[in-house]
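Below: the structure, in C-alpha cells.
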Amino acid sequence: MLSTWKRWRYASIDGGAFASKALTILKRTVTLCTAHAPSFILSYMSGFISVILTFSLCAILYNYDLCVKPAVPPETFNNAVNHKSSNYMTTQMKTTAAPTVTKQISLHYHVAYPLNYHFILDEPDKCNQWDPFLVLMVPVAPHQLEARNTIRSTWGAESSVQGKAVLTLFFVGLTGGSKAQQQLEEESRQHRDLVQSNFVDSYFNLTIKTMVIMDWLATRCPQASYAMKADSDIYLNLENLMNLLLAPNTPRENYMTGHLMIKQLVVRDKTSKWYVSEELYPKREYPTYVQGAGYVFSNDLPEKIVEISKEVMAFNIEDAYVGACLKRLGFAPSSPPDPSQFRLSMQQYKQKDFLSVISVIVGSPNQILRVWKDVKRPT
Ligand SMILES: *[C@@H]1O[C@H](CO)[C@@H](O)[C@H](O)[C@H]1NC(C)=O
C-alpha cells in the first residue's frame, strides 16, 4: 500500500512535469508565431496565451489541493505499525493544513472509530422496551457459548434489582465461518441478547469491540442511567453495585469507576499479549484508567468517548485506551468508595467476601456457577 505521503509526492512530481511540458509547448508556439505573423496578430496571440497559462496554472493548483485532501489514516493497528510515516503524516496534516481541508479529513484515527463498522445482529428496540437503569455490556468471543449461558443463568438473569431494570447484552465480532454464524443467529433468535459487529473478533481487536459497545449505548440506549463493561469471567454482585449507583454521592455524569490502574507502564516486550509498540503509544506509562474486567460509568460518557476517539490514536489495550479518551475529555476515573469491591482475583475463596464485593475476576464458567450457588445459599 502506498502511504498518503508517497501518493502526495508522486502527484506533485507529476504536476510539475505537466507544467514544464506545457511551458515548452507554449514557448514553441510563441516562437513559431513571432516568425510568421504580423504584429496585430502577435498581440492578440499573447493575450490568448496568458489566458491559457492562467487556466493551466489553476488546473495544477486545483489538482494539488485534491491530492492533499484524502489523508487516509492506517487501516488496522498492524498497518499503523508498518507505516510509521503515514501516522506522522496524519498528525502533521491536522496541525498544518488549512481549516477547510481539516474539516474534510475529520476521521484522523479511524481504526477503532465505531461508525466504520456496522451491526450484523442488533437489538435496536431493546432499551425502548426495557427502559433499563443499568446496562451490562459483556464482550465475549463468538464461540464462548458456555460463558454466555453461565451468565444468562447467574448475574445476567437479574432483570430487576432494587426495583431498577437491568439489561444484559453480549457483544461479538465476526465468526470464523458460515456454520458458526448460523448457530449464532439461532442463539440470537432464542435469547435476543446478542449484538454482532463486522470486525475480526480477536484479543488484539478488543479496543474495537469496546468502542462498538460505546457506540451501541450512545445510539441504542441513551435513556439508561449507567452502564457497566463486564467481562464474561467475572462474578458480579448486582445488589452491591446498585447500592453504589443509588448512593446520593455517586455522580450522574462524567463518572467512571472500578479498579483503578495508576501509572501503569506500557509493555514493550514483543512476546507479551499486552505489547504495544511505540508507534501506537509513545509515552512510557498510561494515564489512570479502570481495569477492564469490570468498570461502571454514567451513560452520558459513551457518546463523548465515541466522539473524542477520532482524535485519540487507537492501541490494543482497550481499558487503557478508554482511559486515554477520558484524559483527552479532561477528567479521570474515580476511586470507588470501597476500592476492595472491585477485585482482580478471588485468592482464598470465602463466601463472606463475595457478599461484599461488586466484581471479582473468577475465571471459568464453572467457577462462576460455583461461587454463584454458594453466595445465594442461605447463611
Ligand atoms: C482487527 O479488525 C480489523 C477489522 O475487521 C481487521 O482488518 C484486522 O485484521 C483485525 N486484527 C486482528 C489482529 O485481528
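What follows draws every value from the coordinates through simple rules; no lab data is involved. Model, not experiment: these values are computed from the prediction. A quick note on method: Cβ atoms are made from the backbone with ideal geometry, for glycine too, and the neighbour counts reach across all protein chains shown.
Report, in listed order, any pair from LYS209/LYS376; LYS352/LYS376; LYS229/LYS352 with a Cα-Cα distance greater than 21 Å. Before the final figure, lay out the partial values.
On the way: LYS209/LYS376 32 Å; LYS352/LYS376 11 Å; LYS229/LYS352 25 Å.
Checking Cα-Cα distances, LYS209/LYS376; LYS229/LYS352 exceed 21 Å.
Give me the orientation-averaged projected area of the Cα convex hull of segment 114-376, in nm², one decimal. Don't skip to the end; give the middle numbers.
Details: hull surface 55.6 nm².
So the Cα hull casts an average projection of 13.9 nm².
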Q: Hand me the chymotrypsin sites (Phe, Trp or Tyr not before Pro) from segment 312-363 located in a DSSP loop with no more than 15 other Cβ atoms within 10 Å, in residue order please.
A: PHE331, TYR349
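Using the C-alpha gyration tensor of segment 181-261, what are the square roots of 5 times its eigenvalues, in whole angstrom, with the largest one first? Don't jump to the answer; show the numbers that get you there.
Numbers: eigenvalues 146, 50, 41 Å².
So the three semi-axes of segment 181-261 are 27, 16, 14 Å.
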Q) Size of the dipole of segment 243-326 about the Cα centre, Lys and Arg at +1 and Asp and Glu at -1 on the beta carbon, nothing else charged, in debye to 20? A) 280 debye
Q: Show the residues, 5+ positions off or on another chain, whose built amide H is closer than 5 Å to the amide H of PHE199.
A: LEU174
